[in-house]
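Below you'll find the structure, written out as structure tokens, and then a few comments.
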Amino acid sequence: MARKKTLEMEIINSNCAGIDIGSKSHYVAVGQALEDVCEFGVYAEDLTSLCLHLKSFGITSVAMESTGDYWQNLYAELLKYGFDVILCNGKFTKHAKGKKTDVKDCRWIQKLHSLGLLTGSFLPDEQTEILRTYCRQRTNWLDLAASASRKMQKYLKFLNFRLDVVVKDVCGLTGLKIIEDICKGNLDPNSKMFTSWARLAPNNKISGGKVLSNRILKGSGRLKIALRNAANAIGNLKDTHLSDFFRRVAFRKGRQAAVSATARKLAVILWTMATKKVPYSPPKDYLFLDQKRKMKLGSRIKQNIVKFDIKPEDVGFCFSSNLSTEN
């Protein structure tokens with residue numbers, strides 16, 4: 001008969017134990033016999049009893065899996081009692097084939113650890129752990145903020161408020177103020193608010209009834225740039241209501257101030273057209289080049305008629321009595 005071959009391995013850690021971590025109880029094996037396995041709870045006094053139990057058997061080294069976050073309190077308690085703790089990944093302690101139980105798991109971990117087949121996971125020092133905790137918490141807060149911002153945009157869209165199109169960040173200062181007004185029932189911000197939002201209105205700083213500063217806020221959004229470009233082009237026109245306004249301001253304060261003032265006036269006009277649904281009607285109509293030529297020609301003809309004392313019958317014109325009376 002062929003003899004049965006056996007494989008012997010050297011014991012590396014003689015005074016070692018294996019712990020199977022659980023959410024409600026921990027199983028501790030100080031040997032391979034069934035009587036070497038004990039069950040302990042997860043409360044503070046249970047962890048203290050577990051450490052004293054290991055001390056009574058002369059255990060110096062302990063191996064356990066990093067299961068969830070259940071291991072952290074026990075790990076701190078074991079270090080407090082001076083044990084050499086090996087915290088290993090669960091994939092290195094997979095149980096052999098057969099029925100899986102907590103008793104078998106802790107005995108298997110003890111056996112692997114006694115043979116020196118387990119390696120510990122990386123655990124940072126105290127300062128690194130604090131820094132890592134802060135970084136992870138900051139990342140969690142950023143993720144929560146992004147999720148909340150997306151939900152706000154979604155529900156505002158359902159309410160037919162496309163705030164995400166108007167402002168860059170709905171959770172920014174401007175977006176939150178608009179949302180606050182919407183919640184209060186104010187669905188009409190006025191032209192002053194609109195020009196202030198577009199950064200075209202002066203930021204008046206008043207103290208004790210005295211104006212300390214009235215500079216326009218820095219920052220150039222797309223709307224502000226477009227309105228200032230339009231205002232600059234208006235300054236090159238002639239004989240229009242806005243170009244006359246531009247020249248009056250430029251004469252007193254310079255071209256840059258005129259560009260800012262005209263851009264603000266354009267913003268008010270656009271706000272009025274959009275909110276009141278009315279077209280822009282300037283006090284002075286703009287005349288194109290051919291219209292201007294006709295007016296100049298008519299003016300010269302009138303001047304010549306007066307100058308040479310020309311009468312209608314002298315040029316062969318015949319007017320009706322009604323027309324003559326009206327003239």
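Applying a 10 Å radius around every beta-carbon, put 116-129, 51-64 in order of their mean neighbour count, most first. All intermediate terms of the calculation are to be shown ahead of the outcome.
Details: 116-129: 11.0, 51-64: 17.5.
With the highest mean Cβ count within 10 Å placed first, the list reads 51-64, 116-129.
Give the Rg/Rh ratio for segment 35-99, taking Rg as the radius of gyration of the Cα atoms and Rh as the Kirkwood radius, to two decimals. Show your work: numbers first, answer last.
On the way: Rg = 12.6 Å, Rh = 12.9 Å.
Using Cα coordinates only, the ratio equals 0.97.
Karplus couplings for segment 148-158 from phi (6.51 cos²θ - 1.76 cosθ + 1.60, θ = phi - 60°), rounded to Hz, Gly and Pro as x?
Taking θ as phi minus 60°, the curve returns 5, 5, 5, 5, 4, 4, 5, 6, 5, 5, 4 Hz for segment 148-158.
7 Å from Cα along Cα→Cβ at both Leu117 and Lys276: what's the point-to-point distance in nm?
Taking the simple label geometry, Leu117 and Lys276 are separated by 8.8 nm.
Quick one: which residues, 5 or more positions from Tyr81 or on another chain, have an amide H under 5 Å from its amide H? H modelled 1.01 Å from N in the peptide plane, none for Pro or chain starts.
Close amide H contacts, sequence-distant or interchain: none at all.
Please give the contour-minus-distance gain from Val166 to Glu126: 0.36 nm per residue of separation, less the Cα-Cα distance, rounded to one decimal in nm.
Details: separation 40, 0.36 × 40 = 14.40 nm, distance 4.70 nm.
Computed gain between Val166 and Glu126 is 9.7 nm.
Need the full-extension length gain, Lys311 to Trp141, defined as separation in residues times 0.36 nm minus the C-alpha distance. One decimal, nm.
Details: separation 170, 0.36 × 170 = 61.20 nm, distance 8.99 nm.
52.2 nm is the gain from fully extending Lys311 to Trp141.
Between Tyr43 and Arg293, what is the label-point separation in nm under the 7 Å Cα-to-beta-carbon projection?
Spacing of the two 7 Å Cα→Cβ label points: 10.4 nm.
For segment 123-139, what does the Karplus curve 6.51 cos²θ - 1.76 cosθ + 1.60, with θ = phi - 60°, yield as ³J(HN,Hα) per residue in whole Hz, taken in order and with x for Gly and Pro?
In residue order, the calculated couplings are 10, x, 6, 5, 5, 5, 5, 5, 4, 5, 5, 4, 5, 5, 5, 5, 4 Hz.
Give me a comma-separated list of calculated 3J(HN,Hα) values for segment 101-107, in order, Karplus coefficients 6.51, -1.76, 1.60 applied at θ = phi - 60°, integers in Hz, x for any Gly or Pro.
My calculation for segment 101-107 gives 9, 5, 5, 5, 5, 5, 5 Hz in order.
Determine the gain in length on full extension of the stretch Lys55-Ser23; use 0.36 nm per residue of separation and subtract their C-alpha separation, reporting nm with one decimal. Write out the running numbers ahead of the final one.
Numbers: separation 32, 0.36 × 32 = 11.52 nm, distance 2.35 nm.
Computed gain between Lys55 and Ser23 is 9.2 nm.
Longer than 30 Å from Cα to Cα, which of Lys154/Lys184; Lys5/Lys55; Lys253/Lys276 are they? Say none if no pair is. Could the numbers behind the result be given before it?
Details: Lys154/Lys184 20 Å; Lys5/Lys55 37 Å; Lys253/Lys276 32 Å.
Lys5/Lys55; Lys253/Lys276, as the Cα separations exceed 30 Å there.
Binning at 10 angstrom from zero up to the longest distance, how are the C-alpha pair distances of segment 27-67 distributed in percent?
Taking every Cα pair in segment 27-67, the percentages come to 26, 61, 13.
How would you rank 168-175, 244-251, highest first, on the average number of other Cβ atoms within 10 Å across their residues?
Numbers: 168-175: 13.8, 244-251: 15.9.
The peptides rank, most packed first, as 244-251, 168-175.
How would you rank 130-139, 269-278, 84-93, highest first, on the average number of other Cβ atoms within 10 Å across their residues? Display every interim value, and only then the final one.
Details: 130-139: 10.4, 269-278: 12.3, 84-93: 15.6.
Taking the mean over residues of other Cβ atoms within 10 Å, the ranking is 84-93, 269-278, 130-139.
As an exercise, identify the GluC sites (Glu not before Pro) in segment 1-88 lying in DSSP coil whose Cβ has no more than 15 other Cβ atoms within 10 Å.
On the way: sites: Glu8, Glu10, Glu35, Glu39, Glu45, Glu65, Glu77; in loops: Glu8, Glu10.
Here the GluC sites (Glu not before Pro) that fit, given the DSSP loop and packing criteria, are Glu8, Glu10.
Under unit Cβ charges (Lys, Arg +1; Asp, Glu -1), what dipole magnitude, rounded to 20 debye, does segment 14-160 have relative to its Cα centre?
Working: 18 positive and 16 negative charges, 214 e Å.
Its charge dipole is roughly 1020 debye.
Values quoted throughout were computed directly from the atomic coordinates according to the rules given, and no laboratory measurement underlies them. Please read all numbers here as calculations on a predicted model, not as lab measurements. Positions of Cβ are backbone-derived with ideal geometry, glycine not excepted, and every protein chain shown enters the neighbour counts.
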